[in-house]
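These notes concern the structure reproduced below.
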Amino acid sequence: MTTHEVKYGLPSTVKFCSKCVISNQRPASAIEFSHTKNSRKTTMNIDNDGICDACKTAEQKENIDWKTREEELLSLLDKHRSKDGSYDCIIPGSGGKDSAYQAHVLKYKYGMNPLTITWPPILYTDYGLKNFRNWLDVGGFDNVSFYRNGRVMKLLTKLSIENLFHPFQTFILGQKNLGPKLAAKFGIPLVFYGENEAEYGNPIADNLTSLRDKSYFAMKNLNDIYLGGVSIKELKEKYEIPLKDLQSFLPAPQEELEKVNIEVHYLGYYLKWTPQEVYYYAIDNTGFQARPFRTQGTYSKYNSIDDKIDDLHYYTTFIKFGIGRASYDASQEIRNQHLTREEGVALVKKFDGEFPDRYFNEVMEYIEMQPEKFHELSEQARSPHLWDRNSSGKWQLRHNVCKTGLDD
Ligand SMILES: [Zn+2]
């Protein structure tokens with residue numbers, strides 16, 4: 001057997017889960033501000049029985065006593081609920097289906113007074129902006145939308161593509177950091193996110209707690225922080241960005257969060273979370289609307305539709321890990337029993353890796369990158385253990401879930 005070079009610390013042998021369509025190449029969600037060119041990925045565990053951790057988590061969910069979990073939620077909320085009309089919890093979100101659902105149930109079912117907080121998409125889609133407005137106008141919520149230094153945002157997004165082939169990093173950074181950071185500033189210690197990353201394949205133990213690990217949003221030492229794969233020192237010296245212009249991209253210092261006792265919870269730990277049901281809830285209660293067209297790279301119309309750069313993000317996961325957006329979407333729907341594995345396999349075959357040309361040129365213009373440069377980076381990002389050229393010179397996966405890869 002020949003061995004091929006393996007990038008990103010991925011497992012050298014490709015395995016697919018026998019229940020869903022995900023492979024063992026799927027990275028767990030990482031701490032974005034530690035991410036460098038040399039970072040090694042922690043990836044999805046697939047046990048000897050052939051089943052991935054995310055499918056096991058989904059099975060466990062069936063045995064959870066949701067009544068008890070709701071009681072746990074109620075006692076947490078009772079501890080924090082304000083009696084004088086002030087805000088008592090923070091909900092970071094963009095008005096997509098998940099944050100729409102969170103804010104709405106917490107306010108109207110459980111009597112909380114949430115302040116919603118938004119780190120806007122890198123480039124809003126028309127549908128994303130409309131859903132954001134409906135969230136507040138139809139749902140009825142106060143919101144702080146934080147617009148960060150746009151010039152630095154552009155540069156960091158460009159650097160994260162150049163160094164990490166990761167177009168979505170600047171969005172994820174703010175999405176994880178801003179909630180806890182503003183919670184500390186406003187003195188509102190309770191922060192809610194939606195689903196736990198573990199449901200999609202972080203180490204399974206992460207799923208046993210309602211709390212998000214602080215390492216995702218707190219910083220101990222500025223010297224350990226990288227943005228776009230570049231150290232703070234280098235950003236200051238080589239790119240001439242003063243520290244004050246980087247503030248909004250940095251996580252909060254740990255001491256600052258501890259002073260206010262910030263607790264970041266997953267609402268999905270307490271309430272049974274099914275993306276399809278959350279979607280219908282958001283339609284009924286906050287005027288959420290799917291896009292009338294399919295998202296490129298997948299078959300769905302309502303998942304993560306607010307950022308023009310999101311489609312490109314999933315294209316890069318296809319290049320780096322051999323896992324496109326249809327694989328992610330179908331795996332989730334198989335676990336929730338909305339699709340069979342056969343249907344999932346067919347959807348992956350049809351849509352995974354489709355090039356997202358709808359917004360591509362606009363994204364390139366925004367970050368001031370030549371499209372050719374992006375394609376060049378894409379060539380370099382392909383790990384030889386996943387890709388090879390076929391007899392007509394086109395890139396093809398060595399292994400795919402349909403078992404029709406070059407080496408299958
Ligand atoms: Zn699975």
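Read-outs: derived from the displayed coordinates by stated rules, not from any lab. Since the model is a prediction, treat every value here as computed from it, not as a measurement. Neighbour counts are summed over all protein chains in view; Cβ atoms, including those assigned to glycine, are modelled from backbone coordinates with ideal geometry.
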Please verify whether Val401 is part of a loop (DSSP other than H, G, I, E, B), farther than 30 Å from Met153 by Cβ, within 16 Å of the ligand (Cβ to nearest atom) and among the aliphatic types (A, V, I, L, M), treating the condition exactly as stated.
yes
Residues being touching a residue at least 12 places away in the same chain (Cβ under 8 Å) and closer than 22 Å to Lys67 by Cα: count how many of those fall in the range 244-278.
14
Near pairs, Cβ below 9 angstrom, 6+ apart or cross-chain, from the range 41-70 (under 23 Å from Ala30 (Cβ atoms) and acidic (Asp, Glu)) to any residue that is assigned to a helix (DSSP H, G or I) and more than 10 Å from the ligand (Cβ to nearest atom)
Asp53/Ala198; Asp53/Ile204; Asp53/Asn207
Residues that are touching a helix residue (DSSP H, G or I) at 6+ places or on another chain (Cβ under 8 Å) and under 21 Å from Ile90 (Cβ atoms), drawn from the range 146-169
Phe146, Arg148
Selected residue [closer than 30 Å to Val144 by Cβ and of a type in the set (S, T, N, Q)] from Asn113, Asn48:
Asn113
For the structure I just gave you, tell me whether Thr340 is surrounded by fewer than 21 Cβ atoms within 10 Å (Cβ to Cβ), farther than 15 Å from Arg294 by Cβ and among the hydroxyl-bearing types (Ser, Thr, Tyr).
yes
Mind checking which residues of the range 11-31 are away from the ligand (no atom under 11 Å from the Cβ), under 26 Å from Gln175 (Cα atoms) and assigned to a loop (DSSP other than H, G, I, E, B)?
Gln25, Ala28, Ser29, Ala30, Ile31
Restricting the search to the range 40-62, which residues are surrounded by fewer than 16 Cβ atoms within 10 Å (Cβ to Cβ) and in a loop (DSSP other than H, G, I, E, B)?
Arg40, Thr42, Asp47, Asn48, Asp49, Gly50
Those helices (runs of 4 or more DSSP H) lying entirely in the range 229-309 with at least 3 residues out of contact with any strand residue (DSSP E or B) (no Cβ under 8 Å at 6 or more places or on another chain) and surrounded by fewer than 19 Cβ atoms within 10 Å (Cβ to Cβ):
232-237, 254-259, 275-286
With over 18 Å from Pro189 (Cβ atoms) and under 19 Å from the mean Cα position of the chain (by Cα) as the only criterion, which of Asp126, Asp98 stands out?
Asp98
Being more than 21 Å from the chain's Cα centre (by Cα) and not in a helix (DSSP H, G or I) is the requirement here; does Pro356 meet it?
no
Among (1) more than 18 Å from the chain's Cα centre (by Cα); (2) closer than 23 Å to Lys244 by Cα, Ser160 falls short only on (1)
Residues of the range 44-59 being within 13 Å of the ligand (Cβ to nearest atom) and polar (S, T, N, Q), in sequence order, are Asn45, Thr57
